[in-house]
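The values are calculated or read from the model by the stated rules, or taken from the named source; none is laboratory data. This one's a predicted model, so the numbers in the text were calculated from it and none came from an experiment. Cβ atoms come from the backbone with ideal geometry, glycine included; neighbour counts cover every protein chain shown.
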Amino acid sequence: MNQTFEFTLDGRVIRAERGQSIMQAADGAGVYIPRLCDVEGLEPEGSCRVCTVKVNGRFAAACTQPAEAGAVVESETAEINHHRRMLVQMLFHEGNHLCPICEASGNCELQAMAYRLGIHQPTRFPYLQPVRPMDASHPDIMLDYNRCIRCGRCIRASADVDGKHIFDFVGRGINKQIGIDADYLAETAASLDDLTFSPGLCPVGCILRKGQGFATPIGQRRFDQEPIGSDIERKREEPA
Amino acid sequence: MPAAATQTTTELVAQVCGRFGHDRTRLMDMLWALQKALRGIDKATQALLAQELGTRRVVIEGMVSFYAFFTDRPTGRLAIRLCDDVIDRHAGMEEISRTLQQELGLGLEQTSADGLFSLHHTPCIGLSDQAPALLVNEVPVTRLTPERARELIRWLRRNPDPAGLAQTLVGDFAPLGDGCNADPLIHSLVENQIRLPGPVLFAEHRPFSGLQAALQQSPAQLIAELSRSGLRGRGGAGFPTGRKWDFTHRPPAERRYLICNADEGEPGTFKDRVLLTEKPDLLIEGMVIAARAIGCAEGIIYLRAEYEYLLAWLENRLAAARAAGWLGQAIGGVQGFDFDIRIQMGAGAYVCGEESALISSCEGLRGEPKNRPPFPAERGYLGCPTCVDNVETLACAARIFAEGADWFRALGTEQSSGSKLLSISGDCARPGVYEVEFGVSIAELLALVGAEQTGAVLVGGPSGQFIGADQFERRIGFEDLPTGGALLIFNQSRNLLQVVNHYLDFFIDESCGYCTPCRVGTVFMKKRMEKLVKGSAEPSDLDYLKNLGATLRASSRCGLGLTAPNPVLSTMEHFPMIYSALVKPPKDGQHAYFDIQAALEESRHLAKRRSMIYDVDYEN
Ligand code: SF4
Ligand code: SF4
Ligand code: SF4
Ligand code: FES
């Protein structure tokens, strides 16, 4: 039952199918809505709020909000981008991020999102500078929680796709963090074959594959050549 | 540890899981059973439980670390939780805390060497009208003074039996509270303080007469009648209850659920506590009527952990209703109308007052709100259509069917029919519970409760708004000042910024942490407020706070994050003088807040020497 209908996104007519979220429909039409916790192939979670849009004048997360016939959706407005910048800045300040010495630089979605949204300088937010441990127990994989943005992608990938459920959230509030199903990663069934540990699943440099950090030189990495979202935006030019 | 001890825990875990049929959705109950038996659920126990239930240890850890009343470290056999709310502080709570620490020889969050006592602070326990108050395990102790606190500890040392605490402590320590608080099943010091009974909830009512009338009507007629009454949800948001019932009734489904939200967590709110104590039958009656209208066979009362002392009483009232044929099979002789209610205990999480978080908790999950849509009416508890109504709302429904929709409609105002229960506390002569008709003004209320020299009123608790004297003619109701039921009064001597700061701490602690704006933004607001309180803020800091508040309001995922900036934003709006008095424009382009001496202190420490320029008495 493929019912299609239309709505508008920043004035552009978008065709959607029943059951699609605003973000899925926009992706299909080649319109990129900024996001961090959502990634293709996993259930949307709706936690980073970077995809916030206005639907008929009310704020909603585009990744979890179903597309509706006739809806008027705003995304690239000054007001919404302002909120997005605030959210991305919050994520930077919540963890410990030192891009120049981070091996995820250039591949990192948080960094790329900052560039895309025009964040080039320090912000007025305080640095929380949490003290977070690292877990280097596993022979192939390393976890540096300093950079975790609590997007929950690893949780969903491990539970829903790999069927291992190695991660879950523990704690609440500002103390909410990734917990693992053992004292150390080495004691779990974590393996490089898992989707969870594949490159790009973790949007930042929290899940790292050992010995591969600088295999691709900086300058030739995922977001060094073009801004984040370009892959989706390219679809717009291609004939349908 | 000796093998025998481990063996016992293994057996205990198996036994607890057995009691709940190894049903993972009953995880809250299992964790409660373990927490009570072991005083803490450590990693080893978490692993055993996970194994027994066929889940992961990290899932159990996620639960234990989410709820404030669960812990992985052992608490004392007598866990003392002192209510740390603004009203309690103004009533002298800080001194009580010092006294307790002294008397017990313990710091906060510590457990005594003999494992008998542990001491904790906890957010509002619903006793603001008899503050300062605390809980010893589930037993409330009210109206504390330093002497009473000392006396309490001495008494507990002589009678360290947690099992008999409610029955013995109260009689020995002080007289019983009024009304049903004196019932042997409650046996509590708590007082109702019903200062003004109104026409709806505290009026004469023949038990289950509303239900009898309702059973003469079809479910569709019930929904129509309730809609006609104009009843709106009493939790604060004010969604029309008839529409909610209708939405839950509509989708085709095998099973539907009704959940009563008795998770009264908004600081300063305690009217549901009084309803649960004095009018449990009215609540049960309202639930049965709702079940009839919606078409559901199972109901849940989600009771906040702080009200566990009412559990035996409520169970007893449910049993009595069952015995009288008002719950169970073929209710009121109507073939095919089967409905029963169970009580689900919460475990200390304000966010569970949010209906979808409450559903998560009932399902044995972390109390995180769910993404909407789908709304609970469509897909709620265990994926079934679910209606979540507040205690007061359901009690109102019972009265509406006893007296008729027109009677109810005639009370209150155009858009807010009926009465409202208010919990009034703070600086006034007669704190307590007031049942007023909607439309009453704040000034009228202040006169009623004997409040003088009032500086500010917080309507609806910290998620509501602060108003000042120029707004006291405003009226309670959905047209003007909606409220879940809290009215906190602050006289002119109170430091409002401290109050605001305290509520920010509350939201920081109670944020579930799911979404970025609420998890991080609340912390940033607090940091900037501290700068203000210190007197080192500049005008741009006010813009910063407004800006940040706007992002929280725009992008938070649930009501908690949407309302967390309210204390800051509503005081900035209604009490601008407080803020402007503390804000200085930067001098000569220098940031006023930059404290060179404080900055140097760290460098001095690191360099192990002083500054030649800034330390005037510097010599080599
Ligand atoms: S994870 Fe990304 S944002 Fe963080 S330091 Fe590394 S590159 Fe920068
Ligand atoms: S470890 Fe990576 S994938 Fe997992 S929550 Fe943190 S940032 Fe997201
Ligand atoms: S707004 Fe706060 S409480 Fe609500 S989902 Fe987000 S983090 Fe959790
Ligand atoms: S991408 Fe939608 S909330 Fe994160």
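Go over the candidates A:ILE180, A:ILE149 one by one and state the one that is more than 30 Å from A:ALA29 (Cα to Cα), within 14 Å of chain B (Cβ to nearest Cβ) and either within 11 Å of ligand 2 (Cβ to nearest atom) or in contact (Cβ under 8 Å) with a residue 60 or more places away in the chain (or both).
Values: A:ILE149 fails: more than 30 Å from A:ALA29 (Cα to Cα).
The unique qualifying residue is A:ILE180.
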Next item on the list: Name every residue in the stretch A:37-70 that is among the small types (Gly, Ala, Ser), in contact (Cβ under 8 Å) with a residue 40 or more places away in the chain and within 16 Å of ligand 2 (Cβ to nearest atom), in order of residue number.
Entry: A:GLY41, A:SER47
Notebook entry, point to check: Between residues in the stretch B:470-497 that are at positive phi and residues that are assigned to a helix (DSSP H, G or I), which pairs lie under 6 Å by C-beta distance while being six or more apart or on different chains?
Noted result: B:GLY485/B:LYS271
Next item on the list: Could you tell me whether the stretch B:549-565 includes any residue that is crowded, with 24+ Cβ neighbours inside 10 Å, within 16 Å of ligand 1 (Cβ to nearest atom) and not aliphatic (A, V, I, L, M)?
Entry: no
Next item on the list: Kindly indicate the residue of the stretch A:56-108 that is away from chain B (no Cβ under 14 Å), more than 11 Å from ligand 1 (Cβ to nearest atom) and outside any loop (DSSP other than H, G, I, E, B) and also surrounded by the most Cβ atoms within 10 Å (Cβ to Cβ) among those meeting that condition.
Entry: A:VAL73
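Restricting attention to helices (runs of 4 or more DSSP H) lying wholly within the stretch B:520-620, give those where 2 or more residues are within 14 Å of chain A (Cβ to nearest Cβ), more than 29 Å from the chain's Cα centre (by Cα) and at pLDDT below 95.
Values: elements: B:539-555, B:559-563, B:566-574, B:576-582, B:596-607.
Helices (runs of 4 or more DSSP H) meeting the threshold: B:539-555.
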Next item on the list: Among what's in the stretch A:153-175 and is within 14 Å of ligand 3 (Cβ to nearest atom) and surrounded by fewer than 24 Cβ atoms within 10 Å (Cβ to Cβ), pick the residue that is farthest from A:GLN129 (Cα to Cα).
Entry: A:GLY171
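Select from the stretch A:43-55 the residues that are part of a loop (DSSP other than H, G, I, E, B) and away from ligand 1 (no atom under 16 Å from the Cβ) and write down the one among them that is surrounded by the most Cβ atoms within 10 Å (Cβ to Cβ). Explain how you work it out, then say what you get.
We begin by selecting, within the stretch A:43-55, every residue part of a loop (DSSP other than H, G, I, E, B); these are A:43-51.
Narrowing further to those that are away from ligand 1 (no atom under 16 Å from the Cβ): A:43-47, A:49, A:51.
Values: A:GLU43: 13, A:PRO44: 20, A:GLU45: 21, A:GLY46: 24, A:SER47: 27, A:ARG49: 30, A:CYS51: 28.
So, considering only residues that are part of a loop (DSSP other than H, G, I, E, B) and away from ligand 1 (no atom under 16 Å from the Cβ), the one surrounded by the most Cβ atoms within 10 Å (Cβ to Cβ) is A:ARG49.
I need the full set of residues from the stretch A:183-199 which are facing chain B (nearest Cβ under 9 Å) and closer than 30 Å to A:ARG221 by Cα, in order please.
Taking the stretch A:183-199 as the starting set, the residues that turn out to be facing chain B (nearest Cβ under 9 Å) are A:183.
If the condition is that a residue be facing chain B (nearest Cβ under 9 Å) and closer than 30 Å to A:ARG221 by Cα, then no residue fits.
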Check: Hey, among A:ALA67, A:ALA29, A:ALA25, A:ALA60, which residue is within 16 Å of ligand 3 (Cβ to nearest atom) and modelled with pLDDT of 95 or more?
Finding: A:ALA60
Notebook entry, point to check: Does A:ALA114 count as within 28 Å of A:LEU185 (Cα to Cα) and either more than 10 Å from ligand 2 (Cβ to nearest atom) or assigned to a helix (DSSP H, G or I) (or both)?
Noted result: no
Check: Conditions: (1) under 26 Å from A:ILE218 (Cα atoms); (2) without any contact (Cβ under 8 Å) to a residue 24 or more places away in the chain. A:ARG15 meets all but one. Number of the miss?
Finding: (1)
Notebook entry, point to check: Among the residues of the stretch B:498-519, which ones are at the interface with chain A (Cβ under 8 Å from one of its Cβ atoms), free of Cβ contacts under 8 Å to residues at least 60 places away in the same chain and either of a type in the set (D, E, K, R) or closer than 20 Å to A:ARG84 by Cα (or both)?
Noted result: B:GLY513, B:CYS515, B:THR516, B:PRO517, B:ARG519
Item checked: Close pairs (8 angstrom Cβ cut-off, 6 or more residues apart or separate chains): within 19 Å of A:ASP162 (Cβ to Cβ) in the stretch A:201-222, more than 16 Å from ligand 4 (Cβ to nearest atom) and basic (Lys, Arg) anywhere -> A:CYS206/A:ARG147
Next item on the list: Could you please find all residues in the stretch A:152-177 being within 12 Å of chain B (Cβ to nearest Cβ), within 20 Å of A:GLY200 (Cα to Cα) and touching an Asp or Glu at 6+ places or on another chain (Cβ under 6 Å)?
Entry: A:GLY152, A:ILE155, A:ILE166
Note to self: Every residue in the stretch A:39-55 that is within 12 Å of ligand 4 (Cβ to nearest atom), under 22 Å from A:GLU233 (Cβ atoms) and within 12 Å of chain B (Cβ to nearest Cβ), please.
What the structure shows: A:PRO44, A:CYS48, A:ARG49, A:VAL50, A:CYS51, A:THR52, A:VAL53
Check: Does B:ASP281 qualify as being among the acidic types (Asp, Glu) and closer than 17 Å to B:PHE339 by Cα?
Finding: yes
